[in-house]
1. By the gyration tensor of its Cα atoms, with a ≥ b ≥ c the square roots of the eigenvalues, what is the shape of the chain: rounded for a/c under 1.5, prolate for a/b over b/c, or oblate?
2. Indicate, rounded to the nearest 5 percent, the antiparallel portion of the DSSP beta bridges found entirely in the range 141-289.
3. What is the range 172-288 by shape, rounded, prolate or oblate, if you read a ≥ b ≥ c off the alpha carbon gyration tensor as root eigenvalues and call it rounded for a/c under 1.5, prolate for a/b larger than b/c, and oblate otherwise?
4. Going by alpha carbons, how many degrees (0 to 90, nearest 10) lie between the helix axis of 6-25 and the longest principal axis of the chain?
5. Return the sequence-ordered ³J(HN,Hα) values of the range 96-104 in whole Hz as given by the Karplus equation 6.51 cos²θ - 1.76 cosθ + 1.60 applied to θ = phi - 60°, using x for Gly and Pro.
6. What relative contact order, as a whole-number percentage, does the chain give when Cα pairs under 8 Å and 6 or more residues apart are counted?
7. For the chain, what proportion of DSSP beta bridges, expressed in % and rounded to the nearest 5, is antiparallel?
8. Can you give the net charge of the other residues whose Cβ lies under 13 Å from the Cβ of Tyr201, counting K and R as +1 and D and E as -1?
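Readers should treat all values here as calculations from the given coordinates under stated rules, not as data from a laboratory. Here the structure is a predicted model, which means the values were calculated and not measured. Reconstructed Cβ throughout: ideal geometry from the backbone, glycine too, with neighbour counts over all protein chains shown.
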Amino acid sequence: MTVSDPVVESVVATISRSATEITQGLIGRRGAVDEENPSGETQMEADVWADELLGERLAAIDGVGQYASEERPEAIDCGEDPDSSDAYAVAVDPLDGSSNLKSNNAMGTIFGVYDAALPAPGEDLIAAGYVLYGPITTMVIATEETVSEYEMTGGERRLIERDVTLPDEPVVYGFGGRVPDWPADFESYAREIENELKLRYGGAMIADVNQVLTYGGVFAYPSLESSPEGKLRLQFEGNPIGYIVERAGGRSSNGDESLLSVEPDALHDRTPVHVGNADLIDRLEETLE
Ligand code: P6P
């Protein structure tokens, strides 16, 4: 099933065709490099390599005016005037959860296609998705029309679910950070949830969110006492995942409002991220002072 917008379809096809190459390219690139990303996190060889591979290919697409990545300080202009009304901006987290490489656990690639120059609010997203490098490589793509899921084989994507929708009854939860670092109001919320749902947390947002999309529930990387803005990046993680979950019938929140309505100040702004079934997000917002 192709995406109706031809530029978005080119972005999606480029990422899906790169997926197999990326999984193969992880081999031999599991070490750290002596560099930090703009968020101050040590980069893995694979982070840098995946970003270079995707950046080159996505920046070459007609209709893409900007390429921005969690691994690069600034967005790069791609020929089209990024401020023109018909140029899209692509924001990518090339390897979300790359710290899982050492333990060979799931990770993925997140992307968002904005119809505005970056930084931009999630309301300017027209598509978002992720590739999940799990036992099977799968891809989830959300557009204004629907959320669909694919299995990746031989560089092509095979539709396995046309209309991904959050199950009504929540089953799983996953919360990032450490209990001593949670604000008291989030800890109180977590205590309620852990008595109702099953813990599923693997340290890569995509894999944890994919479980929420599959079984129903809530994923959060909340505000922390040590870092009130939390850990996750709005442009590259919060907005795309918030867009996907909201299109699948759930809700997203920074604790006060939908992630998609947060106005960014800078490209690498962090945000508390809470996504999942609407009633669980409602309860969260009622609990957080
Ligand atoms: P922690 C991966 O580094 C990431 O950005 C997200 O994918 C994930 O949800 C979070 O950080 C994991 O953070 O503190 O549990 O290692």
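1. Working: a/c = 1.39, a/b = 1.36, b/c = 1.02.
Since a/c stays below 1.5, the shape of the chain is classed as rounded.
2. Values: 15 of 21 bridges.
The antiparallel fraction comes to roughly 70 percent.
3. Values: a/c = 1.44, a/b = 1.11, b/c = 1.29.
It is rounded, given that a/c, with a ≥ b ≥ c, falls under 1.5.
4. Rounded to the nearest ten degrees, it is 80.
5. Here the 3J(HN,Hα) series is 6, x, 4, 5, 6, 4, 4, 9, 6 Hz.
6. Working: 674 pairs, mean separation 45.0, N = 289.
Rounded, it is 16 percent for the chain.
7. Numbers: 43 of 54 bridges.
So the antiparallel bridges in the chain amount to around 80 percent.
8. Values: positive: Arg178, Lys198, Arg200; negative: Glu194, Asp208.
Computed value for this residue: +1.
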